[in-house]
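Worksheet: one structure, shown below.
Coordinate-derived values only; no laboratory data. Predicted model only: the values in this text are computed from it and were never measured. Cβ coordinates were reconstructed from backbone atoms using ideal geometry, including for glycine residues, and neighbour counts include every protein chain displayed.
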Amino acid sequence: MARQTISYLMKRLNDVGIHPKSQHGQNFLIDLNLLEMIAATAQLEPTDVVLEVGTGTGSLTALVAPQVAEVVSVEVDPQMHQLASEELIDFENVTLRLHDALAGKHKIDPDLLDVLAAKLAVDPQRKLKLVANLPYHVATPLVSNLLMGPLVPRSMTVTIQKELGERIAAAPGTRDYSALSVWVQCQAEARVVRVMQPSVFWPRPKVESAIVQIDVDMAKRAGVGDLAYFHHFVRTIFLQRRKFLRSALVNSFKQELTKPEIDALLARLGFHESCRAEELPWQDLLRLSNAVREEIEGASRKRDD
């Protein structure tokens with residue numbers, strides 16, 4: 001497969017009458033060293049099944065495929081899918097899919113999950129990894145939904161908007177700390193590997209990008225317990241992140257808990273009523289989430305009695 005430099009890409013796309021589409025987030029990484037860095041950061045193994053979202057012209061796919069058991073690559077643009085099919089025709093372990101990886105904002109496409117499950121079922125040693133130059137607009141829902149399951153990648157090596165990468169890896173009490181930070185960090189270790197300037201892409205995006213590495217810790221993830229409830233709790237609390245924790249809880253759970261019940265709960269956990277959700281590490285937010293759920297269930301039982 002030809003090395004996809006900017007001159008090669010411009011000529012190849014022009015020859016087949018394709019123009020990059022901003023609505024699909026088509027910004028092609030043209031720095032070959034950075035493409036190799038993405039593949040190297042993923043620490044690929046021969047038993048891996050790699051999910052790629054945003055096939056593009058297949059440049060990253062071609063780097064990854066020789067190192068792994070299978071690559072399942074998803075592209076939403078029919079023209080780009082056809083071009084990638086021609087570029088990757090010699091790779092027998094690459095499955096190209098023409099559809100959106102997401103079935104709405106809060107769900108991974110079920111057909112895609114079925115394909116991945118079948119690839120993983122071939123050998124119990126196989127592990128799923130996400131390796132992708134992600135279109136900016138799908139990055140948050142894709143990462144968030146993959147962490148909800150049912151097929152959770154052991155790692156995610158992605159290029160995304162720098163601002164999003166900083167949010168994912170942000171520490172408590174910082175400007176970028178968010179519900180997404182908590183959701184990722186309660187299950188994984190996340191770091192920004194490399195910041196990338198717009199000049200390494202064609203066409204150039206208006207913002208900086210970053211290679212981000214997310215390594216999922218299955219034991220840590222299991223320790224969260226009810227992932228769906230914790231996800232809902234954190235998103236609810238962070239809608240009022242600037243408010244004092246007591247006020248955020250009162251506003252969020254006024255239908256289920258009284259103010260005295262919330263005050264007693266905070267005192268029991270040792271949280272000062274003037275602290276804020278954005279100051280708490282995920283471990284404290286998980287303690288709070290579990291306590292709130294237990295308090296709500298207890299209050300409900302009392303009312304039923």
In terms of Cα to Cα distance under 19 Å, which lysines are near enough to Lys206, apart from those fewer than 8 places away along the same chain? Lys21, Lys162
Note: Asn14 to Ala117 extended length (0.36 nm per residue) minus current alpha-carbon separation gives 33.4 nm
Sticking with the crude label model, points 7 Å out along Cα→Cβ, report the distance from Leu151 to Gln197 in nm, one decimal please. 3.9 nm
Net charge of neighbours whose Cβ lies under 14 Å from the Cβ of His19, counting Lys and Arg as +1 and Asp and Glu as -1: +1
Applying 1/(1 + (r/R0)^6) with R0 = 45 Å to the Cβ-Cβ distance of Asp284 and Ile6, what FRET efficiency is obtained, to the nearest 0.05? 0.40
Nearest 0.05, what FRET efficiency do Asn93 and Arg175 give at R0 = 41 Å with Cβ-Cβ as r? 0.45
Long-range amide H contacts for Arg194: which residues qualify at under 5 Å (H placed 1.01 Å from N, peptide plane, sequence gap of 5 or more or a different chain)? Ile211
Pick from Ala219, Ala42, Ala171: which residue has the top mean-square fluctuation in a GNM of the chain where Cα pairs under 10 Å get a spring? Ala219
How many nm is it between the label spots at Leu32 and Ala299, if each spot is 7 Å from the Cα in line with the beta carbon? 6.3 nm
Descending semi-axes in Å of the stretch 92-134, equivalent ellipsoid built from Cα gyration tensor: 20, 13, 11
Taking Lys259 as the anchor, which aspartates and glutamates have their alpha carbon closer than 18 Å to its alpha carbon, excluding any fewer than eight residues away along the same chain? Glu273, Glu294, Glu295, Glu297
Near the amide H of Val74, under 5 Å away, which other amide H atoms are found, from residues 5 or more places off or on another chain, if H is placed in the peptide plane? Glu52, Val53, Gly54, Thr55, Arg97
Largest first and in whole Å, give the semi-axes of the stretch 227-304's equivalent ellipsoid, each being the square root of 5 times a Cα gyration tensor eigenvalue. 19, 14, 12
With x for Gly and Pro, the residue-by-residue ³J(HN,Hα) of the stretch 78-85, computed from phi through the Karplus equation 6.51 cos²θ - 1.76 cosθ + 1.60 at θ = phi - 60° and given in whole Hz, is x, 5, 5, 4, 5, 4, 4, 4
What residues qualify as long-range amide H neighbours of Leu102, i.e. H under 5 Å apart, gap of 5 or more or another chain, H built at 1.01 Å from N? Asp109
Full-extension gain in nm, Val207 to Asp100, via 0.36 nm per residue minus C-alpha separation: 36.1 nm
Mind checking which lysines have their C-alpha under 16 Å from Lys127, skipping anything on the same chain fewer than 8 residues away? Lys119
Zone residues, the stretch 227-256, relative to Ser274, backbone N less than 15 Å from point 7 Å out along Cα-to-Cβ: 243-247
Counting residues in the chain as N, plug N into 2.2 N^0.38 Å and put the Cα Rg over that result. 1.13
What FRET efficiency do you get for Thr47 and Asp215 if R0 is 25 Å and r is their Cβ-Cβ distance, rounded to the nearest 0.05? 0.90
Go through the stretch 62-69 residue by residue and turn each phi into a ³J(HN,Hα) via Karplus (6.51, -1.76, 1.60, θ = phi - 60°); whole Hz please, and just put x for glycine and proline. 5, 6, 7, 3, x, 9, 10, 6
In a Gaussian network model of the chain with springs linking alpha carbons closer than 10 Å, the residue among Val292, Val71, Val182 that fluctuates most is Val292
Under a Cβ-only charge scheme (Lys and Arg +1, Asp and Glu -1), can you give me the dipole magnitude of the chain about the Cα centre, in debye to the nearest 20? 1000 debye
Just to confirm a number: summing +1 for Lys and Arg and -1 for Asp and Glu over residues other than Ile160 whose beta-carbon lies under 11 angstrom from that of Ile160, what do you get? -1
